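These notes concern the structure reproduced below.
The values are calculated or read from the model by the stated rules, or taken from the named source; none is laboratory data. Everything numeric here is computed off the predicted structure, so don't read it as measured data. Neighbour counts are summed over all protein chains in view; Cβ atoms, including those assigned to glycine, are modelled from backbone coordinates with ideal geometry. Surface areas here come from the heavy atoms of the whole protein model, side chains and all, with no ligands, DNA or RNA. Shrake-Rupley method; radii C 1.70, N 1.55, O 1.52, S 1.80 Å.
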Amino acid sequence: SLASTAITCFTRGLDLRKETEDVLCPANCPLWQFYVFGDGVYASLSSVCGAAIHGGVISSEGGAVRVQALPGQENYPAVNANGIQSQVLTRWASSFSVTRIKNTALEAVGRTVSTARPSTGKRPKKPLDKKAGNKDCKADIAFLIDGSYNIGQRRFNLQKNFVGKVAVMLGIGTEGPHVGVVQASEHPKIEFYLKNFTAAKEVLFAIKELGFRGGNSNTGKALKHTAQKFFSLENGARKGIPKIIVVFLDGWPSDDLEEAGIVAREFGVNVFIVSVAKPTTEELGMVQDIGFVDKAVCRNNGFFSYQMPTWFGTTKYVKPLVQKLCSHEQMLCSKTCYNSVNIGFLIDGSSSIGDSNFRLVLEFISNVAKAFEISDIGSKIAAVQFTYDQRTEFGFTDYTTKEKVLSALRNIRYMSGGTATGDAISFTTRNVFGPVKDGPNKNFLVVLTDGQSYDDVRGPAAAAQKAGITVFSVGVAWAPLDDLKDMASEPRESHTFFTREFTGLEVMVPDIIRGICKDFLDSKQ
């Protein structure tokens, strides 16, 4: 795959689909038109080519750039570099970095080798069953093993034996659990990925071959790295299957686990901690944070922590741990706001908006929708346009991929007419949310309007909220604040948004996404 994708001056990070993508920037993009947020790590709202020039990867003559997707962060700084002034952004859901592309011929060779995997083609039925593994245990598991000086070479080997036994008992196979291993020491090292092996024999062999690294036990650093990097689709993670990290800790970590635990939960990863040889009373003074287990695990309910007194005679501990890892319904952290919500957009199509502003509204909706993992088992999006009348543009079950949803949003035609927002809310509650009200996802309605409604909005909005729908109201131009507050869920301040100009919608995108995620998390506590 030597080919780089040609992109435009305005292609943003969030328009790219892959974790790592090689792109070709055109020459002579007008520098003053670039939107760039951050420095080195750029919010995915940024123009890719703008970020590449800002970061000194290419000049305004364009050229090839490698774009690496990264998690979101807070406080992207404003920095003036190479003729581009980047802007501040307080928070965004995803980021990217840009680097020069080195000798691609070599990389292409390396890449084809590493992605070769046993084909699950049309084989005779019989031998497949052993290969299929334990179908009742659906899990993608990273074993995060302790490779620090704390554990030492001898106990490291006992740890490898234990992990091997767990791997065998899990019943690894093409349709069963998949596992990989990461070693935590000074710096984390991913030893092998989920996609590398689908048979227990191969996994056992790979575990035997692992070398002891030594160094501080920077478990927090390793946990964060694993949560962010290990479970990508390219590395073999499967859609809709619980992601699990089993952290083995001999003694205690040298760094802090709290932030890593938060990151893992945000990424929908279930963290287990297996602690061996807990710190003694004398040793507790050396531990940075005595509550390290509680801070890192998925939920502090006892299920996700597991203790073994020593690495000797651990066979009896194998089966109970395997049973935990295969308890699909206990994986409380698999559901995140990104993959477990239904968001309905109620779009004002009244004549005061006009065609070009209507496009800005659709772009705003696309940018919110884009942040979510849309699929038949994930989040879902629906859209209704209203004047005096209502038109369902598409319902929650009509499109189950991000691409199809975004293309359907682009193709919405502007109706033009009056404004009956109350009626439209009732219509949407009944016809769009009605069919999914008993489903597993949490329901959200985002109402966008630019003016006074001719009918009452308070009654219909209260009925929607009573039906379990959280309402955000977004007003533009002449939308009266009283109407917006009357429609919004409690606390009204954080569910009501307003901007004078339609161009002001874009900066609200992260706030709406954050609001949805906050409500989602609050509902789960």
Quiz prompt | Positions within region 23-48 being hydroxyl-bearing (Ser, Thr, Tyr) and assigned to a strand (DSSP E or B), in sequence order | solution = Tyr42, Ser47
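Yes or no, residue by residue, for (1) assigned to a helix (DSSP H, G or I); (2) at negative phi:
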site: Thr8; (1), (2): no, yes
site: Lys18; (1), (2): no, yes
site: Glu21; (1), (2): no, yes
site: Gly50; (1), (2): yes, yes
site: Gly63; (1), (2): no, no
site: Gly72; (1), (2): no, yes
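Name the single residue, out of those in region 481-507 being of a type in the set (Lys, Arg) and touching a residue at least 12 places away in the same chain (Cβ under 8 Å), that is nearest to Ser366 (Cα to Cα).
Top of the filtered list is Arg500.
So, restricting to strands (runs of 3 or more DSSP E) that lie completely within region 417-520, which ones have at least 1 residues that are surrounded by fewer than 19 Cβ atoms within 10 Å (Cβ to Cβ)? Walk me through it before giving the result.
On the way: elements: 442-449, 469-476, 496-499.
Counting at least 1 such residues, we get 496-499.
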Quiz item: If we only count helices (runs of 4 or more DSSP H) wholly inside region 188-298, which ones have 3 or more residues that are open to solvent by 30 Å² or more (accessible area, probe 1.4 Å) and among the acidic types (Asp, Glu)?
Solution: 258-266
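Of all the residues that make up region 387-416, how many are part of a loop (DSSP other than H, G, I, E, B) and in contact (Cβ under 8 Å) with a residue 40 or more places away in the chain?
Taking region 387-416 first, the residues part of a loop (DSSP other than H, G, I, E, B) are 387-389, 395-401, 411-416.
Imposing the further condition that a residue be in contact (Cβ under 8 Å) with a residue 40 or more places away in the chain reduces the set to 388, 395-396, 412, 414-416.
Residues flagged as part of a loop (DSSP other than H, G, I, E, B) and in contact (Cβ under 8 Å) with a residue 40 or more places away in the chain within region 387-416 amount to 7.
Can you tell me how many residues in region 319-333 are touching a strand residue (DSSP E or B) at 6+ places or on another chain (Cβ under 9 Å), in a loop (DSSP other than H, G, I, E, B) and open to solvent by 30 Å² or more (accessible area, probe 1.4 Å)? Before the answer, list the steps.
Keep residues of region 319-333 that are touching a strand residue (DSSP E or B) at 6+ places or on another chain (Cβ under 9 Å), which gives 320-321, 324-325, 330-333.
Right, trim to in a loop (DSSP other than H, G, I, E, B) and you get 331-333.
With the extra rule that they be open to solvent by 30 Å² or more (accessible area, probe 1.4 Å), the set shrinks to 332.
Of the residues in region 319-333, 1 are touching a strand residue (DSSP E or B) at 6+ places or on another chain (Cβ under 9 Å), in a loop (DSSP other than H, G, I, E, B) and open to solvent by 30 Å² or more (accessible area, probe 1.4 Å).
Yes or no, residue by residue, for (1) outside any helix (DSSP H, G or I); (2) at positive phi; (3) open to solvent by less than 10 Å² (accessible area, probe 1.4 Å); (4) among the hydrophobic types (A, V, I, L, M, F, W, C):
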{"site": "Ile343", "(1), (2), (3), (4)": "yes, no, yes, yes"}
{"site": "Ser350", "(1), (2), (3), (4)": "yes, no, yes, no"}
{"site": "Arg359", "(1), (2), (3), (4)": "no, no, no, no"}
{"site": "Leu362", "(1), (2), (3), (4)": "no, no, yes, yes"}
{"site": "Val368", "(1), (2), (3), (4)": "no, no, yes, yes"}
{"site": "Ile377", "(1), (2), (3), (4)": "yes, no, no, yes"}
{"site": "Gln385", "(1), (2), (3), (4)": "yes, no, yes, no"}
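Could you tell me which residue of region 11-36 is surrounded by the fewest Cβ atoms within 10 Å (Cβ to Cβ), considering only residues that are among the hydroxyl-bearing types (Ser, Thr, Tyr) and in contact (Cβ under 8 Å) with a residue 40 or more places away in the chain? So that I can check it myself, show each step before the final result.
Of region 11-36, the ones among the hydroxyl-bearing types (Ser, Thr, Tyr) are 11, 20, 35.
Add one more test, that the residue is in contact (Cβ under 8 Å) with a residue 40 or more places away in the chain, and what stays is 20, 35.
On the way: Thr20: 13, Tyr35: 16.
Going through the qualifying residues, I end up with Thr20.
Filter region 74-92 for residues that are part of a loop (DSSP other than H, G, I, E, B) and either within 24 Å of the chain's Cα centre (by Cα) or not aliphatic (A, V, I, L, M) (or both) and give the result.
From region 74-92, those part of a loop (DSSP other than H, G, I, E, B) are 77-79, 82-83, 86, 88; that's our starting set.
Answer for region 74-92, where residues must be part of a loop (DSSP other than H, G, I, E, B) and either within 24 Å of the chain's Cα centre (by Cα) or not aliphatic (A, V, I, L, M) (or both): Pro77, Asn82, Gly83, Ser86, Val88.
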Quiz item: Going by the structure shown, is Ile365 closer than 21 Å to Lys442 by Cα and of a type in the set (Val, Ile, Thr)?
Solution: yes
Exercise. Would you check which residues across region 301-318 are part of a loop (DSSP other than H, G, I, E, B) and more than 22 Å from the chain's Cα centre (by Cα) and list them?
Key: Asn301, Gly302, Phe303, Pro309, Thr310, Trp311, Phe312, Gly313, Thr314
